[in-house]
Amino acid sequence: MTAAVLSPEKPSLTARLAMVFTDSVTITKRNVIKIRRVPDVLIFSTLSPIMFVLLFAYVFGSAIQLQGTSYREFLIAGIFAQTVVFGATFTGLSLAEDMQKGIIDRFRSLPMAPAAVLIGRTLADVCINVVSLVVMSLTGLAVGWRIRGSFLDAVLAYVLLLLFAYAVSWIMAVVGLLVRAPEVYNNASFMVIFPLTFIANTFVPTATLPTALRVIAEWNPVSAVTQASRNLFGNTSPMGPSADVWPMRHPELTTLMWVVVILAIFVPLALAQYKRSVSR
């Protein structure tokens with residue numbers, strides 16, 4: 001009698017989801033510990049926004065006049081948005097470095113969920129952005145910024161900033177997996193980040209921009225999260241120009257919509273590109 005060959009049972013959906021969750025937590029811890037062991041990353045990621053706050057507040061602040069509010073209060077929400085977007089670039093850079101050093105090959109040899117590598121990396125970058133937001137908030141308070149909205153509104157502003165940064169980190173994950181060297185990634189990511197953060201209402205009102213740039217800025221997702229933060233922090237003025245486009249009239253909802261759209265597009269793209277990259 002020949003023994004029947006039994007194929008191993010596939011784990012249930014619940015078991016697979018539990019595996020993804022536990023593996024993602026493990027990878028997140030690994031990346032956070034890596035930051036602790038290389039504190040230069042955290043130091044320079046917080047020094048950069050401090051420099052931007054001081055430069056724009058003291059160098060350009062006296063030259064830019066806004067009706068009904070101070071430029072420093074107008075500025076801080078834009079600095080917040082710019083910094084969390086820049087913080088999201090660590091995802092792609094770390095993935096590019098791990099690919100180059102062979103760490104991803106080590107992960108492939110372990111019985112772990114492939115998606116956990118990307119989820120753990122993006123969650124770790126949320127931790128970096130939390131620290132950056134704390135440092136920037138203290139710096140903003142030092143230069144005259146104040147939260148004039150309610151406590152719950154301020155918490156919601158920070159949550160929107162972190163959600164948006166998390167979504168952008170998946171875009172950066174795709175870029176990091178597409179390039180073949182960390183040095184290439186730096187140039188590629190800045191080609192995306194700089195127009196996204198500067199053709200927006202981060203540093204100047206969109207009404208002051210030329211028509212073509214104004215239209216781009218008004219529909220820019222960075223403008224939405226910046227305007228949502230200003231509204232929730234209470235840093236807008238009724239004396240200022242009223243928004244005449246839908247994203248600027250409903251920036252909170254627009255930000256959430258952008259988060260959903262970006263995640264829906266780039267999470268599958270990142271997972272697919274990860275499979276292609278590790279199979280080279």
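The values are calculated or read from the model by the stated rules, or taken from the named source; none is laboratory data. Values in this document were obtained by computation on a predicted structure and should not be read as measured data. All Cβ positions, glycine included, derive from the backbone under ideal geometry; neighbour counts span all protein chains shown.
For segment 92-103, taking the residues that are free of Cβ contacts under 8 Å to residues at least 60 places away in the same chain and in a helix (DSSP H, G or I), the one that is surrounded by the fewest Cβ atoms within 10 Å (Cβ to Cβ) is identified as LYS101. Only one of the numbered conditions (1) within 19 Å of the chain's Cα centre (by Cα); (2) buried (at least 20 other Cβ atoms within 10 Å of the Cβ); (3) of a type outside the set (D, E, K, R); (4) modelled with pLDDT of 90 or more is violated by PRO247, and that is (1).
Would you mind stating whether PHE194 is modelled with pLDDT under 90 and of a type in the set (A, V, I, L, M, F, W, C)? So PHE194 passes the test.
Just one residue in the set THR83, THR89 is in contact (Cβ under 8 Å) with a residue 12 or more places away in the chain and touching a Pro at 6+ places or on another chain (Cβ under 6 Å); that residue is THR83.
Listed residues VAL259, VAL267, VAL225, VAL215; which is outside any loop (DSSP other than H, G, I, E, B), free of Cβ contacts under 8 Å to residues at least 12 places away in the same chain and either among the aliphatic types (A, V, I, L, M) or surrounded by 21 or more Cβ atoms within 10 Å (Cβ to Cβ) (or both)? Quick ask: steps written out before the conclusion?
On the way: VAL259 fails: free of Cβ contacts under 8 Å to residues at least 12 places away in the same chain; VAL267 fails: free of Cβ contacts under 8 Å to residues at least 12 places away in the same chain; VAL225 fails: free of Cβ contacts under 8 Å to residues at least 12 places away in the same chain.
Residue meeting the stated conditions: VAL215.
When ALA116, ALA157 are checked against the criterion of being in contact (Cβ under 8 Å) with a residue 24 or more places away in the chain, closer than 18 Å to ILE103 by Cβ and not aromatic (Phe, Trp, Tyr), a single residue qualifies: ALA116.
Across segment 145-159, the number of residues qualifying as buried (at least 23 other Cβ atoms within 10 Å of the Cβ) and under 15 Å from the mean Cα position of the chain (by Cα) comes to 1.
Within segment 54-71, which residues are in contact (Cβ under 8 Å) with a residue 40 or more places away in the chain and under 15 Å from TRP145 (Cα atoms)?
The initial filter retains those residues of segment 54-71 that are in contact (Cβ under 8 Å) with a residue 40 or more places away in the chain, namely 54, 56-58, 60, 64, 66-70.
Answer for segment 54-71, where residues must be in contact (Cβ under 8 Å) with a residue 40 or more places away in the chain and under 15 Å from TRP145 (Cα atoms): LEU54, PHE56, ALA57, TYR58, LEU66, GLY68, THR69, SER70.
Could you tell me which of the residues ALA200, ALA142, ALA116 is more than 13 Å from the chain's Cα centre (by Cα), of a type in the set (Gly, Ala, Ser), surrounded by 18 or more Cβ atoms within 10 Å (Cβ to Cβ) and at pLDDT below 90? Even if it seems obvious, please write down each step before you answer.
On the way: ALA200 fails: at pLDDT below 90; ALA142 fails: surrounded by 18 or more Cβ atoms within 10 Å (Cβ to Cβ).
When all the criteria are applied, what remains is ALA116.
Specify the residue that is nearest to the chain's Cα centre (by Cα); the eligible residues are those in segment 19-76 that are part of a loop (DSSP other than H, G, I, E, B) and not hydroxyl-bearing (Ser, Thr, Tyr).
First, the residues of segment 19-76 that are part of a loop (DSSP other than H, G, I, E, B): 38, 61-70.
In the following step, the residues that additionally are not hydroxyl-bearing (Ser, Thr, Tyr) were identified as 38, 61, 63-68.
Values: VAL38: 21, GLY61: 26, ALA63: 30, ILE64: 28, GLN65: 29, LEU66: 28, GLN67: 30, GLY68: 30 Å.
By that ranking, first place goes to VAL38.
Of the residues LYS29, LYS34, which is among the charged types (D, E, K, R), farther than 21 Å from ASN231 by Cβ and either in contact with a strand residue (DSSP E or B) (Cβ under 6 Å, 6 or more places away or on another chain) or modelled with pLDDT under 80 (or both)? The conditions single out LYS34. Please determine, by comparing only the residues of segment 171-193 that are of a type in the set (Gly, Ala, Ser) and surrounded by 15 or more Cβ atoms within 10 Å (Cβ to Cβ), which one is farthest from the chain's Cα centre (by Cα). Applying the filter and picking the extreme gives ALA188. A Cβ distance below 6 Å, combined with a sequence gap of six or more or placement on separate chains, defines the contacts here; from segment 179-192, residues that are within 14 Å of PHE90 (Cβ to Cβ) and assigned to a helix (DSSP H, G or I) reach residues that are modelled with pLDDT of 80 or more and β-branched (Val, Ile, Thr) in the pairs TYR185/VAL179; SER189/THR89; SER189/VAL175.
For segment 230-253, the criterion of being assigned to a helix (DSSP H, G or I) and of a type in the set (Val, Ile, Thr) is met by no residue.
Could you please find all residues in segment 148-203 being among the small types (Gly, Ala, Ser) and over 25 Å from ALA270 (Cβ atoms)? Walk me through it before giving the result.
In the first step, residues of segment 148-203 are kept if they are among the small types (Gly, Ala, Ser); the result is 149-150, 154, 157, 165, 167, 169, 173, 176, 181, 188-189, 200.
Those that are among the small types (Gly, Ala, Ser) and over 25 Å from ALA270 (Cβ atoms): GLY149, SER150, ALA154, ALA157.
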